[in-house]
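Notes to accompany the following structure.
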Amino acid sequence: MITITNFPRGARGLRVVWLCEEMGLPYRLEKIGYPVPDSYRAKNPLGSVPFLEDGDVAINESVAQLLYIASRYGPTPLLPAASDPRFARVLQMVVFSEATFGAGTNTLMAAHFGAPDADKQNWSVRMQEQASLQALAFIEAKLAGADHLAGDFSLADIAISTSLGVYKGALQKPLTPALDAYRDRLSQRPAYKRALAANTQT
Ligand SMILES: N[C@@H](CCC(=O)N[C@@H](CS)C(=O)NCC(=O)O)C(=O)O
């Protein structure tokens, strides 16, 4: 069975739980606190969450976990086939959610919560704040007033909306009305509500 290790309420783990709920897959959710115990570092030396275990598979990187689950337990309409015109867009936005947007959010969080006062607004932080605003504009442009990022609901929406949640929730930064409305719409999905309840439980 799939086991997902996450911090209580961790938003990147939420995306993996959400996908399991959308696909109707059984999973176990294990919560760990921060700093993580040595026993956890023994299997995940980065100490980050989420971490996915499934038989012989043991991987970090939440979007790799999304792609693994959709491919291993699909086919699912959430990850269109390679021959589908939506395939490239879904991959693009799933990778963008972490490689560009989420990684930048982590840098801003580290500066916000951990940097000495003199460094909290240094050149790199200011540059990353601009890059994050550009990422938000890019997402809104890709959405282009539609309900979803790539036609029907897909992994792209799970990945991007949860990254928007990390940005807004951890940094207390505003989103545009269109992006807030996008997140609100997705949060009405029954599978999202089940995932949120499981992720919130201690
Ligand atoms: N790109 C990674 C980012 C993982 C990440 O930064 N996770 C955070 C929690 S959301 C974390 O574990 N922070 C504590 C740490 O890295 O020690 C992913 O998508 O899984």
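We did not get these values from a lab; they are worked out from the coordinates using the rules stated. No experiment lies behind these values; they were computed from the predicted model shown. Methodologically, a virtual Cβ is constructed for each residue, glycine included, from the backbone with ideal geometry; neighbour enumeration extends over all protein chains shown.
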So the FRET efficiency between Ala81 and Asp152, C-beta based with R0 = 22 Å and rounded to 0.05, is 0.95
Using a ≥ b ≥ c from the Cα gyration tensor of the chain (square roots of the eigenvalues), is it rounded, prolate or oblate, where a/c under 1.5 gives rounded and otherwise the larger of a/b and b/c decides, a/b for prolate? oblate
Provide Leu171, Leu14 in ascending order of the number of other Cβ atoms located within 10 Å of each residue's Cβ, fewest first. Leu171, Leu14
Return the sequence-ordered ³J(HN,Hα) values of segment 64-72 in whole Hz as given by the Karplus equation 6.51 cos²θ - 1.76 cosθ + 1.60 applied to θ = phi - 60°, using x for Gly and Pro. 5, 5, 4, 5, 4, 4, 5, 7, 6
Give the long-range amide H neighbours of Thr76: residues separated by 5 or more places, or on another chain, with amide H under 5 Å away, using H modelled in the peptide plane at 1.01 Å from N. none
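Which order results if Tyr73, Tyr182, Tyr27 are arranged by neighbouring Cβ count within 10 Å, fewest first?
Numbers: Tyr73 15, Tyr182 24, Tyr27 19.
With the sparsest Cβ surroundings first, the list reads Tyr73, Tyr27, Tyr182.
Determine the relative contact order of the chain: mean sequence separation of Cα pairs under 8 Å and six or more apart, normalised by residue count, in whole percent. Display every interim value, and only then the final one.
Details: 239 pairs, mean separation 56.5, N = 202.
So the answer I get is 28 percent.
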Hey, in the GNM for the chain with a 10 angstrom Cα cutoff, which one of Arg12, Arg189, Arg41 fluctuates hardest? Arg41
Principal axis box of segment 87-188, alpha-carbon based, largest edge first, Å: 46, 26, 17
If a paramagnetic tag sat 7 Å from the Cα of Leu196 along the Cα-Cβ line, which residues of segment 1-25 would have the backbone N under 16 Å from that point? 9-19, 21-22
Hz values of 3J(HN,Hα) by residue in segment 125-131 - Karplus curve (6.51, -1.76, 1.60), Gly and Pro given as x: 5, 5, 4, 5, 4, 5, 5
From the square roots a ≥ b ≥ c of the eigenvalues of the alpha-carbon gyration tensor of segment 1-121, which class results: rounded (a/c under 1.5), prolate (a/b over b/c), or oblate? oblate
Over the chain, with a Gaussian network built from C-alpha contacts below 10 Å, which listed residue (Ala118, Ala110, Ala178) shows the highest mean-square fluctuation? Ala118
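When Val63, Val16 are ordered from fewest to most other Cβ atoms inside 10 Å of their Cβ, what list results? Mind dumping the intermediate values first?
On the way: Val63 24, Val16 30.
By the 10 Å Cβ count, ascending, the order reads Val63, Val16.
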For segment 35-77: relative contact order, % (alpha-carbon pairs under 8 angstrom, 6 or more apart): 22
HN-Hα J couplings of segment 157-173 from phi, Karplus 6.51/-1.76/1.60, θ = phi - 60°, integer Hz, Gly and Pro as x? 6, 4, 5, 6, 5, 6, 5, 4, x, 5, 4, 6, x, 7, 9, 6, 9
Taking a 27 Å limit on the Cα-Cα distance, which of the listed pairs Lys120/Lys173; Lys142/Lys173; Lys43/Lys193; Lys43/Lys168 fall beyond it? Lys43/Lys193; Lys43/Lys168
